[in-house]
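J.: This is the structure I have questions about; it appears just below.
The values are calculated or read from the model by the stated rules, or taken from the named source; none is laboratory data. Bear in mind that the values here come from a model prediction, so they are computed numbers and not experimental data. Glycine also receives a Cβ, built like all others from the backbone with ideal geometry; neighbour counts cover every protein chain displayed.
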Amino acid sequence: MLIPPQDPIGLPVAPAILVALKVFGFFLHALCMTLWLAGMPIAAALQRSRPRVAARLFRAMPFAFAFGINAGIVPLLFLQALRPELFFPATILQAWPWLLVIPLVLAAYTAAYLAAFGVRPAAAAGTASVLLVGVGIVFSSTLTLAASPGQWPVALAAQADAGAVRGLFLHLDAQVLLRFGMAAGLALGTVAAFLALDAQGRDREEALRAEARPLVPAFALAGLALFGGCGLAYAARPTAALPAAWGVLAGAGALLAALAAMAYAWKPSRGAALALGALQAASIALSAVARQVEQGLAMAEAAPAAPIVRNEWESLALFLAVFAAGSVVLAWMGRVIARAWRTDPAKPPA
């Protein structure tokens, strides 16, 4: 058995608390991640045919990046705390792809700023899109491998050298690619919701609204088809661990968001845009919970021993106090961004 023993230090608080915080952090990350995953290549593709829409997407990317990357650290840290005996061996087996995530993200972040400031936006956005797809594949691969210790001997045998590993392995199977496909489907829905909400902002030009209106249902329906197709194939796998009820809920959330996008296209209004945004956020939340449930079940099957719990409530209280203070700062930052966003004209980059 390659799984190392549990950390004898144990967990500071009950696993349920850590899992709840992990799911919440993953939801916040997914909200921003889905916007940049599809928004960046869409902006590059629409720069000539829909310049106002492309300009608004380019303008949003640095903010989505900043919030999404920081929120993504939260579930990663809680996963390390909950399942170090599964997470760290997986990152060692494919160490170089995992370490490569950092320079790839930095390069993509730089490219997003170049696109936002009109410095060769198409080329910058295209570069960022390719880099982000690579980062997404590596993340999906690593977390899949962490929950599949039965694949560790394969990874070890593929690169073993005198009892050590080179760290050049990358676990790619149908599960990895289908999960990434579902994320891409959700991302198209997020772009549809963003375009509707942005077009219905105050003082928006009618030209922007005219450009965005037909794109909203098109992206939403394309996202639903991609999410549903990959989701059905994912659920049909013999090793699928996700309870059927969660799969149905995630699919229903995506369907309702797509219907809301069609309703917006039929009769655009601020209320219709808000309804679409709320339903898309709910769809992302359901998918995030479903993914965390599946991951938790798979890891519990791989390492079923109950963790040691120290019940250090003082450390939890300190964390919650810092979290509350950080939330106030983030709320203020969001207010400043929203105020600037409402008054920012929808002009294409020069």
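J.: Just to confirm my filter: which helices (runs of 4 or more DSSP H) fall fully inside segment 48-167 and include at least 2 residues that are under 27 Å from Tyr234 (Cβ atoms) and either touching a Lys or Arg at 6+ places or on another chain (Cβ under 8 Å) or without any contact (Cβ under 8 Å) to a residue 40 or more places away in the chain (or both)? Before the answer, list the steps.
T.: Values: elements: 51-82, 84-93, 95-116, 121-146, 152-159.
Correct list: 51-82, 95-116, 121-146, 152-159.
J.: Any residue at all in segment 332-348 that is under 20 Å from Pro15 (Cα atoms) and in a helix (DSSP H, G or I)?
T.: Step one: of segment 332-348, the residues under 20 Å from Pro15 (Cα atoms) are none.
No, segment 332-348 contains no residue that is under 20 Å from Pro15 (Cα atoms) and in a helix (DSSP H, G or I).
Matching residues to (1) exposed (fewer than 14 other Cβ atoms within 10 Å of the Cβ); (2) modelled with pLDDT under 80; (3) over 25 Å from the mean Cα position of the chain (by Cα); (4) polar (S, T, N, Q):
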| site | (1), (2), (3), (4) |
| --- | --- |
| Leu297 | no, no, no, no |
| Pro304 | yes, yes, yes, no |
| Glu314 | yes, no, yes, no |
| Ala321 | yes, no, yes, no |
| Ser327 | yes, no, no, yes |
| Trp332 | yes, no, no, no |
| Ala350 | yes, yes, yes, no |
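J.: Output the residues belonging to segment 168-182 that are assigned to a helix (DSSP H, G or I) and either in contact with a helix residue (DSSP H, G or I) (Cβ under 6 Å, 6 or more places away or on another chain) or under 18 Å from Trp152 (Cβ atoms) (or both). Quick ask: steps written out before the conclusion?
T.: First pass over segment 168-182, keeping only residues assigned to a helix (DSSP H, G or I): 174-182.
Residues satisfying the conditions are Gln175, Val176, Leu178, Arg179, Phe180, Gly181, Met182.
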